[in-house]
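Take a look at the structure set out below.
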Ligand SMILES: NC(=O)c1ccc[n+]([C@@H]2O[C@H](COP(=O)([O-])OP(=O)(O)OC[C@H]3O[C@@H](n4cnc5c(N)ncnc54)[C@H](O)[C@@H]3O)[C@@H](O)[C@H]2O)c1
């Protein structure tokens with residue numbers, strides 16, 4: 001008999017969270033959606049529920065708070081007894097927009113003006129949240145079952161952001177993004193070695209930019225850096241999620257799977 005797999009996606013109210021959850025449901029897993037934003041959580045829940053009712057559950061949780069994560073883990077332990085798949089996907093992202101109000105001669109997100117408060121806030125979700133979720137949910141993974149953690153990083157876990165892409169917007173890609181995404185790859189490798197004997201494979205997925213009606217000039221500049229000549233469609237990472245979360249990748253652990261249309265090749 002096939003054992004029932006319980007999976008969990010953080011940032012499940014977001015654009016990619018919906019896709020990851022949909023991929024896991026298509027594989028036959030039960031999926032727990034977690035997000036701090038109740039409105040988007042409910043929206044994605046009802047979108048998925050149309051096709052997969054009784055297999056989806058949702059919890060509003062701030063993953064940057066240890067107490068909340070611990071509390072969620074004990075609720076999940078009571079209800080589901082275990083977890084098999086964890087996708088650490090939540091983050092606070094900067095979206096290139098044309099209309100940002102700025103003081104004369106000022107660029108937004110400059111390193112020199114980057115506040116300590118914002119540094120702490122963004123790291124607390126992207127990096128600390130990934131640490132906390134792995135800490136508590138890794139302990140709900142059973143040694144006698146096959147378990148997987150997938151950490152969502154970015155093509156910017158391999159290269160530095162090209163700030164020229166944002167110059168016409170008088171903006172920079174924030175430093176936190178690079179630090180979080182490189183850090184996620186480090187945490188992935190650490191845990192892959194640390195939990196190998198516990199039957200937990202840990203990999204990261206590093207997507208390239210997804211087209212989501214961003215500023216036109218930005219999109220055209222970015223396309224020129226991508227050998228495939230375009231940004232990704234929103235559903236183009238589902239195959240990678242299915243691969244990483246299934247036995248198709250049974251010998252892969254500690255890997256950073258870069259799926260970026262070739263951007264980091266050149
Ligand atoms: N969109 C892209 O082009 C792209 C490219 C590469 C990597 N990524 C990565 O993919 C992941 C998802 O990106 P997305 O575009 O779907 O972003 P998104 O903003 O649509 O989704 C992120 C979700 O995380 C949630 N979140 C934020 N803080 C939280 C907290 N404290 N606790 C729980 N949930 C919280 C938000 O409410 C949101 O629903 C991110 O890690 C992002 O860095 C995105």
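The values are calculated or read from the model by the stated rules, or taken from the named source; none is laboratory data. Owing to the predicted nature of the structure, the values given are computational and were not obtained by experimental measurement. Virtual Cβ from ideal backbone geometry, glycine too; neighbours counted across all protein chains shown.
Observations, loosely collected:
- Region 29-39, residues that are under 16 Å from the mean Cα position of the chain (by Cα) and surrounded by fewer than 21 Cβ atoms within 10 Å (Cβ to Cβ): 36, 37
- Under the condition of being assigned to a loop (DSSP other than H, G, I, E, B), out of contact with any helix residue (DSSP H, G or I) (no Cβ under 8 Å at 6 or more places or on another chain) and over 16 Å from residue 125 (Cβ atoms), the residues counted in region 22-48 number 2.
- Taken over region 49-66, the criterion of being part of a helix (DSSP H, G or I) and either within 13 Å of the ligand (Cβ to nearest atom) or under 15 Å from residue 89 (Cβ atoms) (or both) is satisfied by 66 alone.
- Scanning region 196-220 for residues being more than 15 Å from the ligand (Cβ to nearest atom) and either without any contact (Cβ under 8 Å) to a residue 12 or more places away in the chain or not in a loop (DSSP other than H, G, I, E, B) (or both) gives a total of 9.
- Looking across region 132-166, the residues that are within 13 Å of the ligand (Cβ to nearest atom), crowded, with 21+ Cβ neighbours inside 10 Å and part of a loop (DSSP other than H, G, I, E, B) come down to 153, 154.
- Matching residues, region 240-266, being touching a residue at least 24 places away in the same chain (Cβ under 8 Å), closer than 21 Å to residue 8 by Cβ and in a helix (DSSP H, G or I): 240, 241, 242, 244, 247, 249
- Scanning region 174-188 for residues that are within 11 Å of the ligand (Cβ to nearest atom) and either within 14 Å of residue 134 (Cβ to Cβ) or touching a strand residue (DSSP E or B) at 6+ places or on another chain (Cβ under 6 Å) (or both) yields a single hit, 184.
- Residue in region 208-220 that is touching a strand residue (DSSP E or B) at 6+ places or on another chain (Cβ under 6 Å) and modelled with pLDDT of 95 or more present: yes
- Within region 221-235, the set of residues being touching a residue at least 24 places away in the same chain (Cβ under 8 Å) and in contact with a strand residue (DSSP E or B) (Cβ under 8 Å, 6 or more places away or on another chain) comprises 231, 232, 234.
Matching residues to (1) buried (at least 19 other Cβ atoms within 10 Å of the Cβ); (2) more than 16 Å from residue 264 (Cβ to Cβ); (3) at pLDDT 95 or above:
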position: 170; (1), (2), (3): no, yes, no
position: 180; (1), (2), (3): yes, yes, yes
position: 184; (1), (2), (3): yes, no, yes
position: 191; (1), (2), (3): yes, yes, yes
position: 199; (1), (2), (3): no, yes, yes
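- Unmet criterion (only one of (1) more than 12 Å from the ligand (Cβ to nearest atom); (2) in contact (Cβ under 8 Å) with a residue 40 or more places away in the chain; (3) buried (at least 21 other Cβ atoms within 10 Å of the Cβ)) for residue 69: (1)
- Residue 72 closer than 20 Å to residue 191 by Cβ, part of a helix (DSSP H, G or I) and over 15 Å from the mean Cα position of the chain (by Cα): yes
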